[in-house]
Amino acid sequence: MATRRDSLVLDFFSGSGTTGHAVLAQNAEDGGNRKFILSQIAEPTPAVSEAHKAGFSTIVEITKERIRRAGQKILNGNCHPDWNRDVGFRVLKVDTSNMKEIYYRPDELSQGDLLEAIDNVKPDRTSEDLLFQVLVDWGVDLTLPIHSEILQGKTVFFVDDNALMACFDTDISEELVKELARHEPLRVVFRDNGFVSDAVKINVEQIFRQLSPSTEVRSL
């Protein structure tokens, strides 16, 4: 009653994911391509609740599991022949920046502080954390397809094929940079201290200028 076949449905207080479940069920019924955004604070489940005893520490954990199970159940039922059978979803969490706080007054710095600044990424952050920060910074759609490949022993992320490529591993060689440039991505991003040498870091923009001049290159 409230949506078209291509609607985007937003639920700011999603609870256990009833709205997401309903969107998947309606798509399966009429072959639609509706999408949903569910927003829910990670509210703890009561210690005496059945959900908590079953291992769900927050409402969000219930939400994720409910949508997984709902999607599988819907796929096992009768579905519209035109439906793309997409029951996937991504979970994004609001957090602080991935980058270390490095803004100090000169009289607050010591030599030890300078050594700590060699790596500007917080130690508990993953490559996926860095990737999604880049997507947000560049204004790239967070729902685009993403896959990863191992190239020359390094993990490389491909966002919407060549819309963006990213590698946040260390010891990146000039050979790998050239291989990435041959894909001619629209954008490419590396970790600032991820190169095997300063010479490779300096040559990156020149390599892309020669092999893929339209690529926007960035380090973080």
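If each of Lys35 and Ser173 carries a label point 7 Å out from its Cα toward its Cβ, how far apart are those two points in nm? Those two pseudo-labels are separated by 3.9 nm. Against the main long axis of the alpha-carbon atoms of the chain, helix 59-75 sits at an angle near 70°. At the listed q of 0.08 Å⁻¹, the Debye profile of the chain, built from one uniform point per Cα, gives log10 I(q)/I(0) equal to -0.44. With a cut-off of 12 Å between beta carbons, the residues surrounding Thr19 carry a summed charge of +2, where Lys and Arg count +1 and Asp and Glu -1. Length, then width, then depth: along the principal axes, the Cα atoms of region 124-219 run 35, 32, 22 Å. Where does helix 18-30 land angle-wise versus the long Cα axis of the chain, in degrees 0 to 90, nearest 10? Approximately 80 degrees, to the nearest ten.
Axis of helix 127-138 versus longest Cα principal axis of the chain: the two differ by about 90°, to the nearest ten degrees. Stretching Leu211 away from Glu61 to a fully extended chain increases their span by 49.4 nm, per 0.36 nm per residue minus the current alpha-carbon distance. Here the Gaussian network model covers the chain, with springs between Cα atoms less than 10 Å apart; of Thr19, Thr63, Thr96, Thr96 fluctuates the most.
Over all other residues within a Cβ to Cβ distance under 13 Å of Ala181, the charged ones net out to -2, with Lys and Arg as +1 and Asp and Glu as -1.
As a test, work out the antiparallel percent of DSSP beta bridges whose residues both lie in the chain, rounded to the nearest 5.
Percent antiparallel among DSSP bridges in the chain is about 50.
Local charge for Pro145 was computed over the other residues whose Cβ lies under 12 Å away, with Lys and Arg +1 and Asp and Glu -1, and equals -3. Measuring nothing but how far apart in sequence close Cα pairs (under 8 Å, 6+ apart) lie, relative to its length, the chain scores a relative contact order of 12 percent. Considering only alpha-carbon pairs that sit under 8 angstrom and 6 or more positions apart, the relative contact order computed for region 8-75 is 37 percent.
Read the figures in this text as sums done on the coordinates, not as results from a lab. Since this is a predicted model, take the numbers as computed values, not measurements. Backbone-built Cβ (ideal geometry, glycine too); neighbour counts: all protein chains shown.
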